[in-house]
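Chemist: Next up is a structure, given as structure tokens.
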Amino acid sequence: MNKTDVLIIGAGPTGLFCAHQLGIIGLSCEIVDNLDKAGGQCIELYPDKPIYDIPAIPECTGEKLTNNLLQQIKPFKVKFHLNERVEQLKKIENRWHIKTSGGIEFDVAAIVIAGGVGSFEPRKFSIKECEKFEGSSLFYSIKDKSIFKDKTISIFGGGDSALDWAIELSNTSKVNLIHRRDGFSGVEASVQKVKELNDQGKLNLFTKYQIDSLSGDKKIDSIKIKHDDGEIKEIKSDYVLGFFGLIMQLGPILDWGLNINKKIIEVNTENFETNINGIFAIGDICSYPGKLKLILSGFHEGALAARGCFKYARPDEKLRFEFTTTSKAAQERLGIKK
Amino acid sequence: MPKIIYNTHDKKTHAIDVQNGLTVMEGAVQNDIPGIDADCGGGMACATCHVYVNEEWLDKLPTKEDGEEDMLDMAFEPKSNSRLSCQITVSDELDGLVVNIPSKQS
């Protein structure tokens with residue numbers, strides 16, 4: 001059981017800055033995120049794209065912003081739990097108990113949901129029978145590549161994940177790479193490599209094809225793919241891999257009893273608390289009259305939610321407002337030596 | 001004001017007046033047309049505002065910017081008439097544009 005003052009759900013810019021604000025007022029926190037790294041949408045959707053509306057920073061990329069925020073919260077030694085999704089929530093006396101997908105448990109005084117538009121999950125095939133094979137012979141990510149040795153693998157997608165795995169697996173497996181158009185979104189060098197391997201007969205490339213159906217009993221035996229012009233081809237396949245990027249899903253938070261409307265959580269604007277005492281929501285996931293989905297708004301919301309957490313974490317203490325420029329306590333927490 | 005016709009998956013037709021300068025995505029979101037999620041808010045980063053454009057309108061639309069086709073790879077059942085509605089800005093020339101919203105976005 002991890003006991004801390006506040007659990008932050010989501011390691012995007014808003015969650016990271018909220019951790020800073022909690023640290024400044026002397027509260028501890030830990031952060032859970034379903035991705036394998038901090039940064040949220042900034043790192044997953046637009047790491048290289050510039051952002052122009054962070055106050056006092058004329059231009060920076062999503063990656064740079066994330067790194068700066070991580071730098072800024074370093075003094076607080078915040079513990080991250082990545083690749084974890086929050087699942088269960090229980091109120092035990094005045095504390096919240098939360099359990100993640102990986103079985104990690106938390107005991108906290110307050111929760112800040114900074115979950116963006118939800119946790120990132122792999123985008124899946126649209127045909128129904130795929131569910132039957134998911135996890136046994138159909139995958140959206142690869143954990144153990146050794147199972148593919150000497151097998152026939154059909155890979156769908158045109159981005160870097162699809163191309164990289166097609167190239168890598170073509171060394172030890174028979175690979176079909178299937179993509180809906182001639183163009184690819186992956187890096188040019190990989191596209192060239194795939195075309196070379198196709199010319200050498202080390203990989204079969206099918207473009208302008210999409211999945212049509214799967215067949216097999218417990219495992220996939222063969223798949224049918226359909227060309228833009230309607231032609232259907234059947235190919236033998238032991239495994240199917242789909243790499244269509246990530247989508248955001250709200251997941252189990254939907255069942256926590258929060259006021260949720262169109263995937264966003266209603267909060268007050270005094271401290272961004274939800275309809276449930278001790279649970280706050282900030283950033284893109286929260287909604288209130290006049291809400292702007294800007295990173296700077298998320299920072300503001302995080303600062304106020306952090307103060308809102310104080311009364312749950314330190315019910316017998318009074319929070320004094322202080323500036324970091326002059327507060328000895330804040331500077332000590334930041335580890336500043338004079 | 002130009003009218004945009006949104007055909008939703010439940011076989012309903014919504015004819016909506018959308019102000020010039022807004023995107024077809026914004027027109028849908030502001031008028032609660034079901035099926036346009038627009039998770040990323042118009043940043044061409046999520047493919048959840050994907051629509052099928054009626055053939056006769058395809059060549060009247062602004063050409064796809066770099067990246068839109070890449071993003072459409074991620075869309076739910078993309079076809080040759082697929083577009084991201086956040087990339088179509090409404091103007092008088094698009095009065096009467098018909099878009100069809102897929103059964104789901106993910």
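Readers should treat all values here as calculations from the given coordinates under stated rules, not as data from a laboratory. Note that the coordinates shown come from a computational prediction; the quantities given were computed from them, not determined experimentally. Cβ placement follows ideal geometry from the backbone for every residue including glycine, while neighbour counts extend to all protein chains displayed.
Chemist: Hey, how many Å between the Cα centroid of segment B:1-67 and the Cα centroid of segment A:119-147?
Modeler: 30
Chemist: Would you mind telling me which residue in A:Val267, A:Val32, A:Val240 has the biggest mean-square fluctuation in a Gaussian network model of chain A, where springs connect alpha carbons within a distance under 10 angstrom?
Modeler: Sorting by GNM fluctuation, first place goes to A:Val240.
Chemist: Kindly provide the GluC sites (Glu not before Pro) of segment A:27-80 that DSSP labels as loop, not H, G, I, E or B, and whose Cβ sees at most 15 other Cβ atoms within 10 Å.
Modeler: For GluC sites (Glu not before Pro) across segment A:27-80 that sit outside H, G, I, E and B with at most 15 neighbouring Cβ atoms in 10 Å, the list reads A:Glu59.
Chemist: Here's a follow-up. How big is chain A on each of its three principal axes, counting only the C-alpha atoms and giving the largest first in Å?
Modeler: Ordered largest first, chain A gives principal extents of 71, 43, 38 Å.
Chemist: Residue-wise, which Karplus ³J(HN,Hα) couplings in Hz belong to segment A:171-187, taking 6.51 cos²θ - 1.76 cosθ + 1.60, θ = phi - 60°, and x for glycine or proline?
Modeler: Calculated HN-Hα couplings, in order: 5, 10, 9, 8, 10, 10, 10, 10, 9, 6, 8, 6, x, 10, 9, x, 5 Hz.
Chemist: When a/c is below 1.5 the answer is rounded, else prolate if a/b is larger than b/c, else oblate, so apply that to segment A:1-61 with a ≥ b ≥ c taken from the square roots of the Cα gyration tensor eigenvalues.
Modeler: oblate
Chemist: Out of the GluC sites (Glu not before Pro) in segment A:221-321, which ones are loop residues according to DSSP with at most 13 other C-beta atoms within 10 Å?
Modeler: Hits after loop and neighbour filter: A:Glu231, A:Glu270, A:Glu317.
Chemist: Using Cα pairs closer than 8 Å and at least 6 residues apart in sequence, work out the relative contact order for chain A, in percent.
Modeler: Working: 694 pairs, mean separation 68.9, N = 338.
Relative contact order of chain A: 20 percent.
Chemist: Right, here's the next one. Segment B:54-106: which GluC sites (Glu not before Pro) are DSSP loop and have at most 14 other beta-carbon atoms within 10 angstrom?
Modeler: Sites meeting the loop and neighbour criteria: B:Glu65.
Chemist: Once both labels are modelled 7 Å past Cα along the beta-carbon direction, what's the A:Asn259-A:Lys124 spacing in nm?
Modeler: Placing both labels 7 Å beyond Cα along the Cβ direction yields 3.2 nm.
Chemist: What number comes out for the charge environment of A:Asp284, summing +1 per Lys or Arg and -1 per Asp or Glu over other residues with Cβ under 15 Å away?
Modeler: Residues close to A:Asp284 contribute a combined charge of -3.
Chemist: Next question, about the same structure. In whole percent, what relative contact order does chain B give with Cα contacts below 8 Å and a gap of six or more residues?
Modeler: It rounds to 41 percent for chain B.
Chemist: Kindly express, to the nearest 10 degrees and within the range 0 to 90, the angle between helix A:295-313's C-alpha long axis and the longest C-alpha principal axis of chain A.
Modeler: So the helix axis and the longest Cα principal axis differ by about 60 degrees.
Chemist: Let me ask another. Which stretch or stretches of segment A:156-172 have amide N atoms under 13 Å from the point lying 7 Å from A:Lys149's Cα along the Cα→Cβ direction?
Modeler: A:172
Chemist: How big is the charge dipole of the protein assembly as shown about its Cα centre, in debye rounded to the nearest 20, if each Lys and Arg gets +1 on its Cβ and each Asp and Glu gets -1 on its Cβ?
Modeler: Value, rounded to 20: 1560 debye.
Chemist: For the pairs A:Lys64/A:Lys338; A:Lys193/B:Lys79; A:Lys99/A:Lys311; A:Lys149/A:Lys174; A:Lys49/A:Lys74; A:Lys128/A:Lys224, note any where the Cα-Cα span goes beyond 18 Å.
Modeler: Values: A:Lys64/A:Lys338 29 Å; A:Lys193/B:Lys79 27 Å; A:Lys99/A:Lys311 23 Å; A:Lys149/A:Lys174 9 Å; A:Lys49/A:Lys74 25 Å; A:Lys128/A:Lys224 14 Å.
Distance filter (> 18 Å) returns A:Lys64/A:Lys338; A:Lys193/B:Lys79; A:Lys99/A:Lys311; A:Lys49/A:Lys74.
Chemist: So if each residue of separation counts as 0.36 nm, and I subtract the Cα-Cα distance between A:Lys291 and A:Ala189, what length gain in nm does that give?
Modeler: 32.4 nm
Chemist: Rounded, prolate or oblate: which fits segment A:124-244, taking a ≥ b ≥ c as square roots of the Cα gyration tensor eigenvalues, rounded meaning a/c under 1.5, else prolate when a/b beats b/c?
Modeler: It is oblate, given that a/c is not under 1.5 and a/b is not larger than b/c.
Chemist: If you don't mind, another one. Which of rounded, prolate, oblate describes segment B:3-100, given a ≥ b ≥ c as roots of the alpha-carbon gyration tensor eigenvalues and a/c under 1.5 marking rounded, otherwise prolate only if a/b is larger than b/c?
Modeler: rounded
Chemist: Quick check: Cα centre of segment A:171-234 to Cα centre of segment A:297-338, how many Å?
Modeler: Distance between centres, Cα-based: 55 Å.
Chemist: Continuing with this model, one more query. Using a Gaussian network model on chain A with a 10 Å cutoff between Cα atoms, which of A:Ile178, A:Ile147, A:Ile265 fluctuates the most?
Modeler: Maximum among the listed residues: A:Ile147.
Chemist: Tell me, what is the FRET efficiency for A:Ser215 and A:Asn67 to the nearest 0.05, using R0 = 35 angstrom and their Cβ-Cβ distance as r? Can you show the working numbers first?
Modeler: Numbers: r = 48 Å, r/R0 = 1.36.
Using R0 = 35 Å, I get an efficiency of 0.15.
Chemist: To continue, here is another question. Tell me the angle of helix A:160-169 to the major Cα principal axis of chain A, expressed in degrees between 0 and 90 and rounded to the nearest ten.
Modeler: For A:160-169 against chain A, the angle is about 50 degrees.
Chemist: Considering only A:Ile211, A:Ile260, A:Ile279, give the residue with the highest GNM mean-square fluctuation for chain A, with springs between Cα atoms whenever their separation is below 10 Å.
Modeler: Between A:Ile211, A:Ile260, A:Ile279, it is A:Ile211 that shows the largest mean-square fluctuation.
Chemist: Given only helices, namely DSSP H runs of n ≥ 4 each adding -39500 (n - 2.57), what is the per-residue ellipticity at 222 nm of the protein assembly as shown, to the nearest 500 deg cm²/dmol?
Modeler: -6000 deg cm²/dmol
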